Structure formats: C-alpha cells, structure tokens
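Asker: Provided herewith is a single structure, encoded as structure tokens, for subsequent inquiry.
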Ligand SMILES: [Ca+2]
Ligand SMILES: [Ca+2]
C-alpha cells in the first residue's frame, strides 16, 4: 500500500493544454518556430506562410520578416552573429516537381526597427530542401544549418550548410 502511494505521488499530473489563438490571418501558414526574436527573455512565435512574420510574446503583436519570397517551405532561427538575437534561414522556391532548381536558402537578419522587413542574403540552394535545423556537427558552436535526408554536403562561408552523407 505504501508503495502504491509513493508511485502515485511520483507521477506528475498530465498538464492541461489551453489553446491561445494569436492570429486568424496567416494565409498558407505552414512552419511555426519559437525563438526570442527581440531578446526580452520571452519566447516569441515565428510563422512562415506566404510571408514570414513573428508575433511578440505576450501581446502577439505582429512584425514583418519577409514578404517578397515565394514557395516558402521551412525556416530555422539561430543566433549566428553572436549578438544574442536570432537570425533566420528560410528555405523558399520550393515545388513538388522541382528537383533540379529552386530551394533557395536565405539568411535573414533583423533591423533595429522591428517594423522593418529583415535583410536577406542568399547563402545557398538545395532544390529539394524541405526541412532545416541548426545543429552542432563539428564540435563548434551550432553554426551548421542541417538539411536532413540528403547526401553530400553543401558549404558556404558562414553559416555552414551541411547535409549528412549518404550511407
Ligand atoms: Ca521575445
Ligand atoms: Ca544574431
């Protein structure tokens, strides 16, 4: 009996999940990531749809990142400049029938004014890019942007874009 009481007390109750609608106006919403975009210590929400925006926690005010890209398919936030604020790699120009072109990978950096769209620099292309993750693959800070489930490796200056080798 004592054992049952101890086991029962060791099992944490299942949490209650409460939905919070932060927008009902996000055409083509597909990828949602969490990151402290403005460095205030609260995790914000980044959403990629036809455009890419972020919502400031806790008011969920909407701020632009980029609206000029097309075929957006995924994004990955990571501080690659070392200032404590995340940059974002976006995979765009995606198409189900495009296996030899498109797949643009762009690194976006925010501007001082949060109302301004971010500055983008093309850092590579992978026609079949569909998912992006940051990972520490070489023992250094997580400066590797990982495109899973592809062979070979694509590398640029900074950050490094890597894919695991096929085996
Ligand atoms: Ca924040
Ligand atoms: Ca940064």
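The values are calculated or read from the model by the stated rules, or taken from the named source; none is laboratory data. Because the structure is a prediction, the values reported are computed rather than measured. Quick reminder, even Gly has a Cβ in these numbers, built from the backbone with ideal geometry, and neighbours come from all protein chains shown.
Asker: Looking at 33, 50, can you tell me which residue is more than 14 Å from ligand 1 (Cβ to nearest atom) and either more than 18 Å from residue 112 (Cβ to Cβ) or modelled with pLDDT of 95 or more (or both)?
Answerer: Going through 33, 50 in turn, the sole match is 50.
Asker: How about region 77-106: which of its residues are away from ligand 2 (no atom under 14 Å from the Cβ) and assigned to a loop (DSSP other than H, G, I, E, B)?
Answerer: Residues satisfying the conditions are 93, 94, 95, 96, 97, 98, 99, 100, 101, 102, 103.
Asker: Do you know which of the residues in region 44-60 that are surrounded by 13 or more Cβ atoms within 10 Å (Cβ to Cβ) and farther than 17 Å from residue 106 by Cβ is nearest to ligand 2 (Cβ to nearest atom)? Spell out how you get there, then give the answer.
Answerer: First pass over region 44-60, keeping only residues surrounded by 13 or more Cβ atoms within 10 Å (Cβ to Cβ): 44-57, 60.
Adding the requirement that they be farther than 17 Å from residue 106 by Cβ leaves 44-45, 55-57, 60.
Values: 44: 14, 45: 18, 55: 19, 56: 17, 57: 18, 60: 23 Å.
Ranking the qualifying residues of region 44-60, first place goes to 44.
Asker: For region 129-152, which residues satisfy the criterion of being at pLDDT below 80, in a loop (DSSP other than H, G, I, E, B) and either within 16 Å of the chain's Cα centre (by Cα) or surrounded by 14 or more Cβ atoms within 10 Å (Cβ to Cβ) (or both)?
Answerer: 136, 137, 142, 143, 147, 148, 150
Asker: With 109, 68 as the choices, which residue is within 13 Å of ligand 2 (Cβ to nearest atom), farther than 13 Å from residue 47 by Cβ and at pLDDT 95 or above?
Answerer: 109
Asker: Given the conditions (1) in contact with a strand residue (DSSP E or B) (Cβ under 7 Å, 6 or more places away or on another chain); (2) surrounded by 15 or more Cβ atoms within 10 Å (Cβ to Cβ); (3) not in a strand (DSSP E or B), report the number of the one that residue 111 does not fulfil.
Answerer: Going through the list (1) in contact with a strand residue (DSSP E or B) (Cβ under 7 Å, 6 or more places away or on another chain); (2) surrounded by 15 or more Cβ atoms within 10 Å (Cβ to Cβ); (3) not in a strand (DSSP E or B), residue 111 breaks only (2).
Asker: Any idea how many residues of region 55-95 are within 14 Å of residue 29 (Cβ to Cβ) and under 11 Å from the mean Cα position of the chain (by Cα)?
Answerer: 3
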